[in-house]
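Data block below; observations after.
The values are calculated or read from the model by the stated rules, or taken from the named source; none is laboratory data. Computed from a prediction, not measured in an experiment: that's the story for all the values here. Cβ coordinates were reconstructed from backbone atoms using ideal geometry, including for glycine residues, and neighbour counts include every protein chain displayed. Calculation scope for accessible area: heavy atoms of the full protein, side chains included, ligands and nucleic acids excluded. Shrake-Rupley method; radii C 1.70, N 1.55, O 1.52, S 1.80 Å.
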Amino acid sequence: MKRVYMVQATNSSEGTYMLPYSTGTLVAYAWADDTIKNNYEMCGFVFRREHLESALKEIVDPDIVGFSNNLWNSNFNKALAQRIREKYPDCIIFFGGKELPLDATYLEQYPYIDYLIHLWGEVPFKKLLLALLEDHPELEKINNLSYRGSDGRCHTTRLVSELLPDFPSPYLTGVFDKLYEDNPDVYFVAGFETNRGCPFHCTYCDWDTMKDKFVEFPLEKIFAEIEWIAAHEVDYCGCFDSNFGILKRDELVADKLAEVKNRTGFPHKLQVSAAKADSEVVFRINKKLNEIGMSKGVTLSMQSLCPEALKNVDRKNISLERYSEMLVRYKAEGIPTFTDIILGLPGETYDSFCRGLCRLLEAGQHSTIFIYACNLLTNSILWRERDNERFQIKTIDIPFYQAHCNFINDEEITEYSKEIISTRTMSSEDFIRAKLFGHILQCFHCFGLLQSFAIYLQYEHEITYYDFYSGLTSWLLAHPKSVAGRIFLVIKNQLQKYAEGKPLTQYVDPIFGNITWPFEEGAYLEILLQFDRFYEEIYDYLRIYNIDPAVYGELLAYQKRIIKYPGKTEVSREFAYDFCTYFKAVFAGHSPTFTKTDCTITFRAPEVPDNWKDYSKYVVWFGRKGKGNVCTDITVAHSEH
């Protein structure tokens with residue numbers, strides 16, 4: 001029997017690892033074949049990204065080792081594969097996965113790799129194992145394969161879409177049973193697919209490499225996998241569909257998840273990539289998941305609000321008017337929303353990007369905005385268009401950074417991502433300015449530190465969000481000795497290192513646990529450590545807007561109390577203005593009326609932990625998509641005269 005190992009390594013997040021689903025599907029499909037079952041032994045999965053020597057010890061006398069190659073493990077895979085070749089010179093090594101060019105480049109660059117499997121891997125993996133049992137394998141007949149010929153030259157066979165309408169489940173066929181038995185102390189995150197393919201053609205994405213047809217998997221299999229996930233008490237699971245909710249039947253999947261959660265208590269949370277379409281199905285699905293506490297929020301993605309950038313990447317958005325209506329509708333149902341934005345798309349400018357962020361605030365997105373640098377994915381259309389003179393794209397190789405992972409000081413292998421740093425319309429200097437502006441807007445508005453002031457000034461003083469946060473950016477950099485100024489000067493310097501392709505110093509503070517934090521989250525947490533001093537200092541900026549002193553004091557008191565703070569579960573205060581009704585009107589999509597009236601406002605947050613480590617994990621990290629750090633249980637009682 002030939003001994004086979006599969007490597008799909010991920011970083012740990014508080015002792016939690018992803019189940020190796022991608023390689024598991026390959027194994028489940030291949031081992032359904034009796035010839036493979038009788039000639040190959042599946043010996044194990046390497047699922048941890050750990051020191052090379054530790055990983056190497058998990059692989060004993062291998063005949064074949066397969067690697068799933070992604071942004072977060074590509075260099076780790078290469079280094080481990082080279083060590084395997086040195087220790088076991090006769091071992092056959094193959095690579096597959098997203099981070100793999102669609103040609104024989106890797107074979108030419110890395111002589112320790114024997115085969116490359118391109119695109120969806122189930123079919124070529126099975127055919128390769130069968131071919132390797134033959135004396136003279138006809139590798140040229142296997143689609144989506146790169147190999148070395150007898151003359152030493154590298155060849156790539158015909159690339160075709162081989163999406164299967166069904167394949168055996170790695171869960172239901174027992175592929176992961178031994179993994180669970182051997183690792184009783186590991187918390188696994190599980191995932192499932194209901195379909196494969198994507199109907200959209202955004203050029204920055206690698207989902208649409210072959211313009212695959214949409215393939216739907218049998219509901220019976222999906223339901224059985226959900227039962228398996230619940231039976232194994234998986235707290236957190238994900239749906240790997242590109243657009244969950246794009247099909248009417250996806251509501252049946254949501255119904256199944258709800259039924260299983262109500263019956264078993266698992267899974268606790270579900271992460272999905274919601275369909276981009278504006279549909280009732282998406283809304284009903286999220287309403288059902290939210291009612292049972294399973295929803296992680298719904299994505300209302302825009303990626304950019306710049307018409308030229310959207311045209312350049314072949315993307316269309318819903319109108320801002322419709323976007324605003326959807327925000328209000330989800331808000332009314334208590335369903336968290338968040339919006340993804342990409343920085344660096346060709347055609348975007350500093351002004352269009354920053355004003356675009358502020359237009360989201362104007363449309364009502366006061367909760368969560370995620371900003372991502374544009375990563376040139378290896379098999380995306382934009383990757384192939386990177387030399388387009390019209391775009392003038394320049395990239396840098398950036399050490400790959402994963403937030404909320406355990407911090408390792410002595411990381412052996414550094415991963416890199418190729419990110420756009422400038423285009424014809426945005427210089428690298430403007431890119432860094434825009435990135436800093438984004439961190440500031442996320443920290444002070446989405447995390448709520450100055451949100452009440454920004455909204456009040458927008459409606460009562462006609463100070464635009466753009467002017468408010470541009471002014472705040474200038475003030476922070478001009479006051480480096482203030483609490484917030486010092487933090488964002490450090491961030492600015494880090495971003496300058498980023499622009500030069502140097503490693504970033506990840507934000508880690510043992511007070512908040514031994515994990516890495518995005519800059520805006522780290523800045524928010526650090527400001528909270530000096531909460532009162534921050535608000536004393538920020539008066540120097542806010543006073544330029546000439547807020548009536550009586551209103552300022554009251555607004556400051558309200559602003560400070562909406563921020564959840566460790567151990568602060570309930571507080572009441574008398575106010576001379578009904579800020580509660582005022583801001584609820586804003587969040588409901590109405591024009592607010594500023595009313596002077598004596599009232600008592602009560603702020604409740606009974607679930608807030610009383611220590612920084614749990615607060616940072618459950619309120620800031622887990623709660624970010626639902627604006628979990630800002631108090632929303634606010635009631636007002638008017639005084640009787």
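Points worth noting:
- Kirkwood Rh (inverse of mean 1/r, distinct Cα pairs), the range 288-352, angstrom: 13.3 Å
- Percent of Cα pairs exceeding the 38 Å cut-off, where the set is the chain: 37 percent
- Using θ = phi - 60° in the Karplus curve 6.51 cos²θ - 1.76 cosθ + 1.60, the 3J(HN,Hα) couplings for the range 582-590 round to 4, 6, 5, 5, 4, 5, 8, x, 9 Hz; x is entered for Gly and Pro.
- Here the 3J(HN,Hα) profile of the range 507-519, calculated from phi with Karplus coefficients 6.51, -1.76 and 1.60 at θ = phi - 60°, is 7, 9, 9, x, 4, 9, x, 8, 10, 8, 10, x, 4 Hz, Gly and Pro shown as x.
- Between 0 and 90 degrees, the angle of helix 428-441 with respect to the longest Cα principal axis of the chain falls at about 60 degrees.
- Solvent exposure of the range 301-421 as accessible area per residue, Å², 1.4 Å probe: 44 Å²
- Restricting the range 324-390 to trypsin sites (Lys or Arg not before Pro) that sit in a DSSP loop and have at most 13 other Cβ atoms within 10 Å of their own Cβ leaves Arg390.
- Taken along its principal axes, the alpha carbon cloud of the range 288-408 reaches lengths of 48, 42, 24 Å, longest axis first.
- Alpha carbon centroid spacing (whole Å) that separates the range 520-559 from the range 465-498: 15 Å
- Residues of the range 291-311 with amide N under 16 Å of a point placed 7 Å along Cα→Cβ from Asn388: 304, 306-311
- More than 19 Å apart - percent of Cα-Cα pairs taken over the range 170-283: 50 percent
- D (Stokes-Einstein, µm²/s), Kirkwood Cα radius, the range 466-562, 1.567 mPa s at 4 °C: 86 µm²/s
- Ranked packing of 175-181, 421-427, 298-304, most packed first, by mean Cβ within 10 Å: 298-304, 421-427, 175-181
- Sparsely packed GluC sites (Glu not before Pro) within the range 1-104, loop by DSSP, other Cβ within 10 Å at most 14: Glu14
- Overall size of the range 511-558 from C-alpha positions, given as principal axis extents largest first: 44, 17, 15 Å.
- Database remark: amide H of Val7 closer than 5 angstrom to the amide H of Val46, Gly66, Phe67, Ser68 (H placed geometrically; neighbours at sequence offset of 5 or more, or on other chains; Pro and chain starts carry no H).
- Structure-based [θ]222 nm, the chain - -39500 (n - 2.57) summed over DSSP H runs of at least 4, per residue, nearest 500: -11000 deg cm²/dmol
- Cα gyration tensor category, rounded, prolate or oblate, for the range 206-337 with a/c compared to 1.5: oblate
- Within the accessible area of the chain (1.4 Å probe), percent carbon and sulfur: 49 percent
- Each residue of the range 62-73 was assigned a 3J(HN,Hα) from its phi angle through the Karplus curve 6.51 cos²θ - 1.76 cosθ + 1.60 (θ = phi - 60°); the sequence is x, 9, 9, 10, x, 10, 9, 9, 9, 3, 7, 9 Hz, with glycine and proline shown as x.
- For the range 11-147, the spread of Cα positions along each principal axis, largest first, Å: 45, 33, 28
- Here the label points at Val328 and Asp235, each 7 Å from Cα along the C-beta direction, are separated by 3.8 nm in the simple model.
- For Tyr416, distant residues with modelled amide H under 5 Å away: Asn75, Phe400
- What the pair-distance distribution of the range 60-218 shows, using all Cα-Cα distances binned every 5 Å from zero, is 1, 8, 14, 18, 20, 17, 12, 7, 2, 0 percent.
- Contact order normalised by residue count of the range 206-286, Cα under 8 Å, 6+ apart, percent: 38 percent
- Take every pair of alpha-carbon atoms less than 8 Å apart whose residues are at least six positions apart; their mean separation over the length of the chain yields a relative contact order of 10 percent.
- Amide H to amide H distances under 5 Å link Met302 with Asp340, where only residues 5 or more positions off or on other chains count and H is placed in the peptide plane.
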